[in-house]
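Coordinate-derived values only; no laboratory data. Quick caveat, the model's predicted, so the values are computed rather than measured. Cβ coordinates were reconstructed from backbone atoms using ideal geometry, including for glycine residues, and neighbour counts include every protein chain displayed.
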Amino acid sequence: HGAGRDRRAWLRHLPFLLARGHTCLVFDFRGHGCSDKGGDFGGTSLGLKEMEDTIHAVKWARKKMPKFGISLVGTSTGGSAAILAVSEDEETHKAVRCIVAENAFASPEDVMGQTVDAVVFRVLICKE
């Protein structure tokens with residue numbers, strides 16, 4: 001799911017996937033939905049903490065269902081977390097067959113850079 005959303009954002013897709021024989025694990029990233037809020041962490045880390053959550057979810061799924069292929073589906077932060085997880089963790093890279101990343105961003109740094117640029121533009125140029 002994306003930042004500020006939770007696993008319920010995917011519930012409307014489950015009937016389609018289940019009807020086609022897919023087993024689905026839908027979870028909340030820390031700081032979202034019904035998660036434990038990650039201790040002092042709340043909100044989004046633009047994919048960094050969410051990447052760790054994705055790696056843990058993939059490892060859990062691989063342990064519980066070793067014969068199943070794993071595909072990751074995410075939007076925005078969730079899509080970026082999927083890409084980061086596969087690129088940063090060798091075990092996750094080997095386990096994941098497919099990623100569907102809708103509206104994902106290239107890197108947390110890109111998002112922060114664009115956000116800072118937008119604020120600087122509004123404050124310094126537009127004098128808001």
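Things to note:
- For the peptides 12-25, 56-69, 84-97, the ranking by mean Cβ contacts within 10 Å, running from highest to lowest, is 84-97, 56-69, 12-25.
- The residues packed around Thr92, meaning those with a beta-carbon under 14 Å from its beta-carbon, carry a net charge of -2 if Lys and Arg are +1 and Asp and Glu are -1.
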